[in-house]
Amino acid sequence: MKRIHPSLILLVTAVLAYGILIPQLGFYWDDLPMSWIRYELGAEAMTQYFSNNRPAWGWLYQMTTLIFPQVPIYWQVFALLWRWFGAVVVWAIIRELWKDKSDFALSLSLLFLLYPGFNQQWVAYLYSHFFIVLFFFLLSIYLMLRRRTVVALIFSALNLWMMEYFFVLELARVGFIWTFLRDSYPDPKERLRSTFKLWTPYLALFALAVLFRLFIFNNQVYGFSLVSQLKTDPFTTLLSLLQSILASLWTVTFAAWSQVFTGLDPSTHGIRTVALYVAVILTVFAIMVVYFFKSSREEKTNRYAWYAIGLGLFLLPFAGVPFWATGLNISLAHPASRFTLPFMLGVSLILAGLLALIPRERWRYALLAVLIGLASGRQFLWSTDYLRDWQSQKNLFWQMTWRAPGLKPGTLVLMNEELSFYADNSISAPLNWIYAPDNRSDKIDYVLFYPTNRINSSLPALKPDIPIRYDYLAGTFEGNTSQTLAFYYDPPACLRLLDPVLDVENRFLSADSLMRDAAALSNADRILAAQKAVIPAIYGPEPGHGWCYYFEKAELARQLGDWETVTRLGDEAFALSDYPNNPLERFVFIEGYAHAGRWERAVELSKVSYRVSKEVVGPLLCRLWERIETETAGGVERNEALGQIHNLFACAPQ
């Protein structure tokens, strides 16, 4: 194994941790709106999007999107490669700082590669560009240590001008210089002079970048609230800042790495996922054991470990400044775990240094192998979470197009926040892509809001006749709350267009979601049944027609008053091996059979639904049968059926 270059060890580990599910993964979070803007609205729209939001970074997107199409697998591989490139450069940096510590360099770069504080690797279109910028910063450090000053300054400038995440980290460069010169200049005074001399051009470049951001391009993504708060209430602000710093440092170090010991749930992940998880851990563990135990040798001193710990501690404050200054909360949850990215190198230096302090070599490498194996497995488990969410999002839009083949422009879509890795802004993009594929203007036809996120802001209230104007990335949406469709999505149950008659009192809808209030606004007349939505190629071929297909099509037929189609679909649906996952999914067929005069079947399905939850379903069935009674003509069978329903469910007589 000693003949294998460390970069290959890093590549194999990266593929095992991040790449096993790549062919099945898709686009997530900001991937969807940003790729939709570039590929569907065009390069000009992308330029407009970045015009007030990291314009230099936008140039990077313009270049990469000329190379790769809007196909998830290309971007997944692209992001994985840049994650690997960054780890390789970290290895090279450590080799420059400690030329005789090759095993230490590999162990540190592995910890960097698998850092579990960041768990969004598969938001690939977006984060591949984060990792490119991080690579620029790391490469500038390496080139500086190799005395390639001009090229190092170029890559440093690319980091400074593209985005703010690694901006202040540039000041930590002086720590690398100080460490690098430790042997050449043992005397602290001489080393200080030499350090400042080597740092001067980079410090000047940093100062120029600060001036540029202050006086030329001062439209930052996040506002700096700390200064104004210090003026208003300095004591409280400083205390709050200290608490935030300490909490952040705990989060990016101990809390982040503690995640490798958690996460596996056989009931959620299934046998196949558990087997792959164990296989990833054991394979990576075996690679680590074979490589390190065969290549290691006894060390006479661990002084380098203390230097690494010191350098890591020095880096941490610089990594956190952009977030502490803007009041952003550093956490391990999606999507805020992206704020841990600048901390990766500092934390890895500290952890690798602590491991290097373990006196017995075998124990040291055994613990390292365990950590690397578990971290690989944890990252793999996160990839399965992303796979499930991508499949869930694909099912969402297939079911939506079955239920609503077309939408009138200006429709506001309200939905509960069910998807884990998609904001409402995220899925507004495919909503427009599907229902308005030919719209290239700056007038956005549709937006999707999660009421919990938008109430009292973009969505003033869940009341009718309220104008909605929303600036959506590359254009503006104009609508009205009276032009709303309200959907509820709770897989494995089918997507449901909420019924203003039934769902305002539906306790199956989470009260916290605000969707009972939204149901009152739901207006099925916004649906254009004669149109045919176009599902983009990234969503794959149409899935097989199971229960949800028949349910959605029956709901559309009910809306059109086509009861013959409803009953035909019902007969086909109930003949499947598939079945409803929500008792309300039978309601459309109850109503259809009633309108078709098949009263016994309607009563039978009502009884089945009622048994699921008498307290919740009973009142809803009463409302449904009230509508049936109003809309159907009298008759003996009808009257008998209504009498049974009133007696069974204690419905109040009309």
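The values are calculated or read from the model by the stated rules, or taken from the named source; none is laboratory data. Since the structure is predicted, the reported quantities are computational estimates derived from the model, not experimental observations. So basically every Cβ, Gly included, is an ideal-geometry build from the backbone, and we count neighbours across all protein chains shown.
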(message) Being among the hydrophobic types (A, V, I, L, M, F, W, C) and closer than 19 Å to Asp503 by Cα is the filter here; which residues of the range 609-643 pass it?
(response) Val612, Val616, Val617, Leu620, Leu621, Cys622, Leu624, Trp625, Ile628
(message) Given the criterion modelled with pLDDT under 90, within 30 Å of Arg148 (Cα to Cα) and touching a helix residue (DSSP H, G or I) at 6+ places or on another chain (Cβ under 7 Å), identify the matching residue among Tyr185, Tyr222.
(response) Tyr185
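Conditions tested, residue by residue: (1) within 15 Å of Leu345 (Cβ to Cβ); (2) of a type in the set (Ser, Thr, Tyr); (3) in the same structural domain as Gly86 (by TED's automatic domain parsing); (4) outside any helix (DSSP H, G or I).
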residue	(1), (2), (3), (4)
Ile141	yes, no, yes, no
Val150	no, no, yes, no
Ala157	no, no, yes, no
Trp161	no, no, yes, no
Arg182	no, no, yes, yes
Thr195	no, yes, yes, no
Pro201	no, no, yes, no
Val210	no, no, yes, no
(request) Give just the number: which of (1) at negative phi; (2) in contact (Cβ under 8 Å) with a residue 60 or more places away in the chain does Arg54 not satisfy? (result) (1)
(request) Can you tell me which residue among Ser348, Ser337, Ser376, Ser383 is part of a helix (DSSP H, G or I) and under 18 Å from Trp306 (Cα atoms)? (result) Ser348
(message) Given (1) over 28 Å from Leu473 (Cα atoms); (2) of a type in the set (Ser, Thr, Tyr); (3) under 20 Å from the mean Cα position of the chain (by Cα), identify the lone condition not met by Thr13.
(response) (3)
(message) So, in the range 163-177, exactly how many residues are among the aromatic types (Phe, Trp, Tyr) and assigned to a helix (DSSP H, G or I)?
(response) 1
(message) Can you tell me which residue is surrounded by the fewest Cβ atoms within 10 Å (Cβ to Cβ) among those in the range 594-609 that are under 21 Å from Pro492 (Cβ atoms) and more than 37 Å from the chain's Cα centre (by Cα)?
(response) Val608
(request) All but one of (1) free of Cβ contacts under 8 Å to residues at least 40 places away in the same chain; (2) buried (at least 20 other Cβ atoms within 10 Å of the Cβ); (3) farther than 27 Å from Ser606 by Cβ; (4) not hydroxyl-bearing (Ser, Thr, Tyr) hold for Gly544, so report the exception by its number. (result) (2)
(message) Can you confirm whether Leu528 is surrounded by fewer than 17 Cβ atoms within 10 Å (Cβ to Cβ), out of contact with any Pro (no Cβ under 8 Å at 6 or more places or on another chain), in contact (Cβ under 8 Å) with a residue 12 or more places away in the chain and closer than 30 Å to Ile466 by Cα?
(response) no
(request) Residue by residue through the range 36-58, note down the ones that are within 15 Å of Phe130 (Cβ to Cβ) and surrounded by 15 or more Cβ atoms within 10 Å (Cβ to Cβ). (result) Phe50, Arg54, Ala56, Trp57, Gly58
(request) Please note which helices (runs of 4 or more DSSP H) are completely contained in the range 497-593 and include at least 2 residues that are over 32 Å from the mean Cα position of the chain (by Cα) and not assigned by TED's automatic domain parsing to the domain that holds Asn456. (result) 547-559, 563-574
